[in-house]
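Report on the structure given below.
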Amino acid sequence: MSLLFTPLTIRELTAPNRLWVAPMCQYSVDAEDGVPTDWHHVHLAQFASGGAGLILAEATAVVPEGRISPQDVGLWNDEQRDAWRRIVDAVRARGGRLGVQLAHAGRKASTFKPWADERGTVPAGRGGWTPVAPSPIAYDGFATPTALDEEGIAAVIAAFAGAARRAVDAGFDAVELHAAHGYLLHQFLSPLSNERTDQWGGTLQNRARLVLDVIRTVRAEVGEAYPVFVRFSGTDAAPGGLEVSDIAQVATWAEEAGADLYDVSSAGLVAHQHITPGPGYQVPLAAAVKAAVSVPVGAVGIIVDGAQAEGILAAGEADVIFAAREFLRDPHFGLRAARELGEDPATVWPPQYIRAAR
Ligand SMILES: Cc1cc2nc3c(=O)[nH]c(=O)nc-3n(C[C@H](O)[C@H](O)[C@H](O)COP(=O)(O)O)c2cc1C
């Protein structure tokens, strides 16, 4: 049996393999009410019959002002929870497992969806709003955010816990807290976006306070049996920004706070970042975090076939492989990887598709 198709148990979740679908925003809520639609239903369910060990639903806002775009999904109310429940059921009916990424976009909120004709912040009056952030420092080309006060920070923590509660109630198998890609929790972590002088800014420990408080509060809300993952950017890839040693340190604290797995990506905080994407380009960041912690770590970024994924696990650089774009190119990437690695088709392929496995 390959390492990629070896099950992984995290608290009450057992994923049948280690090739997982990374979260991917669909910007497809036309009613702008945060309720997932038929698009999300088909989009996510297709991966369940494609051999993915676990699927993570896209960045899902914990409050309306935490959406990246007005077309983002949310989990801040029960109508959204009930719509998600139907999608969870559809995934489960196909033998899949579904987690959800809980997110707050902070200063990168209220932007036009990627394929709109316009760029930057959607103005108030056209469905947009003034974003919030640790400090009133704009992301390049976006509106200047309002700095959160103590009450606002407490509300963010409570909103993550409320969304996590709805995720459990909707039947999701896990939550992932989005602390990467320059969104709110990452904005607090990085000195490039956090210039606060109170307990939420300054030292790394102070800048990490929000993500750690969110993890602790979510853990208390969901209980000991439920898996809580965290996505970090392993580097800001910009002068004066976070480096992987900082994230490895935060990850050790986060483990004590109750995190079960790290999904290590990179960058997204500032426009002047320097990254050179290529095959497996973020794997060294995952490996560096893995060396510092005892919980499993996921690698992501241009991992496109079974042999490459297997090689990363065999080298001990990660415990799980996340893939995003390869699952868009081929929603059955998991079935293809199983075939490539010589897995018994009967253990991975849906019986309805088995005639294509040989
Ligand atoms: C369409 C699309 C939407 C994405 N949305 C999210 C998201 O909601 N949350 C997130 O953390 N990353 C998001 N990402 C980043 C992916 O999860 C992944 O980290 C990145 O694409 C690199 O992996 P890949 O080379 O396998 O695509 C998105 C990527 C794509 C292509």
Exercise. Among the residues of the stretch 215-241, which ones are crowded, with 24+ Cβ neighbours inside 10 Å and more than 16 Å from the ligand (Cβ to nearest atom)?
Worked result: 215, 218
Exercise. Could you count how many residues in the stretch 263-281 are among the polar types (S, T, N, Q) and farther than 13 Å from residue 180 by Cα?
Worked result: 2
Exercise. If you take the residues in the stretch 281-292 that are within 16 Å of the ligand (Cβ to nearest atom) and surrounded by fewer than 22 Cβ atoms within 10 Å (Cβ to Cβ), which one is farthest from residue 331 (Cα to Cα)?
Worked result: 284
For this session: Provide a single number: the residues in the stretch 251-272 that are surrounded by 18 or more Cβ atoms within 10 Å (Cβ to Cβ) and under 14 Å from residue 187 (Cα atoms).
Result: 5
Exercise. From 288, 323, which residue is closer than 22 Å to residue 101 by Cα, among the small types (Gly, Ala, Ser) and at pLDDT 95 or above?
Worked result: 323
For this session: Provide a single number: the residues in the stretch 1-28 that are within 16 Å of the ligand (Cβ to nearest atom), surrounded by fewer than 18 Cβ atoms within 10 Å (Cβ to Cβ) and not in a loop (DSSP other than H, G, I, E, B).
Result: 0
Problem set entry | So residue 72, is it open to solvent by 50 Å² or more (accessible area, probe 1.4 Å) and among the acidic types (Asp, Glu) | no
Seminar exercise, completed: Scanning the stretch 49-65 for residues that are within 21 Å of residue 133 (Cβ to Cβ) and more than 14 Å from the chain's Cα centre (by Cα), the one least open to solvent (accessible area, probe 1.4 Å) turns out to be 63
Problem set entry | residue 167 vs. criteria within 16 Å of the ligand (Cβ to nearest atom), surrounded by 24 or more Cβ atoms within 10 Å (Cβ to Cβ) and without any contact (Cβ under 8 Å) to a residue 60 or more places away in the chain | no
Problem set entry | the stretch 33-52 residues that are within 16 Å of residue 323 (Cα to Cα) and aromatic (Phe, Trp, Tyr), paired with ones that are modelled with pLDDT of 95 or more and open to solvent by 20 Å² or more (accessible area, probe 1.4 Å) (beta carbon under 7 Å, 6 or more apart) | 47/331
Seminar exercise, completed: Scanning the stretch 36-48 residue by residue, those open to solvent by 20 Å² or more (accessible area, probe 1.4 Å) and more than 13 Å from the ligand (Cβ to nearest atom) turn out to be 37, 38, 41, 42, 46
For this session: Specify which of the listed residues (175, 211) is within 16 Å of the ligand (Cβ to nearest atom) and more than 30 Å from residue 89 (Cβ to Cβ).
Result: 211
Exercise. Name the pairs whose Cβ atoms lie under 7 Å apart, with the first residue in the stretch 1-27 and closer than 19 Å to residue 349 by Cβ, the second in a strand (DSSP E or B) and open to solvent by 10 Å² or more (accessible area, probe 1.4 Å), and 6 or more positions between them or separate chains?
Worked result: 7/14; 15/8; 18/8
Seminar exercise, completed: Filtering the stretch 293-348 down to residues that are open to solvent by less than 10 Å² (accessible area, probe 1.4 Å) and more than 16 Å from the ligand (Cβ to nearest atom) yields 335, 338
Exercise. Give me the pairs: first residue in the stretch 80-105 and touching a residue at least 40 places away in the same chain (Cβ under 8 Å), second residue hydroxyl-bearing (Ser, Thr, Tyr), beta-carbon distance under 7 Å, and six or more apart or on different chains, which are they?
Worked result: 94/49; 100/60; 101/60; 102/60; 103/60; 103/183; 104/183; 105/183
Problem set entry | Residue in the stretch 94-123 that is most open to solvent (accessible area, probe 1.4 Å), counting only those that are aliphatic (A, V, I, L, M) and more than 30 Å from residue 262 (Cβ to Cβ) | 116
For this session: Test residue 40 against the stated conditions and say whether it is modelled with pLDDT of 95 or more and out of contact with any Phe, Trp or Tyr (no Cβ under 8 Å at 6 or more places or on another chain).
Result: yes
Exercise. Which of (1) under 16 Å from residue 133 (Cβ atoms); (2) open to solvent by 30 Å² or more (accessible area, probe 1.4 Å); (3) in contact (Cβ under 8 Å) with a residue 60 or more places away in the chain; (4) away from the ligand (no atom under 16 Å from the Cβ) is the odd one out, the single condition residue 181 does not satisfy?
Worked result: (4)
For this session: Please determine, by comparing only the residues of the stretch 88-126 that are of a type in the set (Gly, Ala, Ser) and in a helix (DSSP H, G or I), which one is nearest to residue 44 (Cα to Cα).
Result: 90
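The values are calculated or read from the model by the stated rules, or taken from the named source; none is laboratory data. Here the structure is a predicted model, which means the values were calculated and not measured. Quick reminder, even Gly has a Cβ in these numbers, built from the backbone with ideal geometry, and neighbours come from all protein chains shown. Keep in mind that these areas ignore ligands, DNA and RNA; they rest on the heavy atoms of the full protein, side chains included. Shrake-Rupley method; radii C 1.70, N 1.55, O 1.52, S 1.80 Å.
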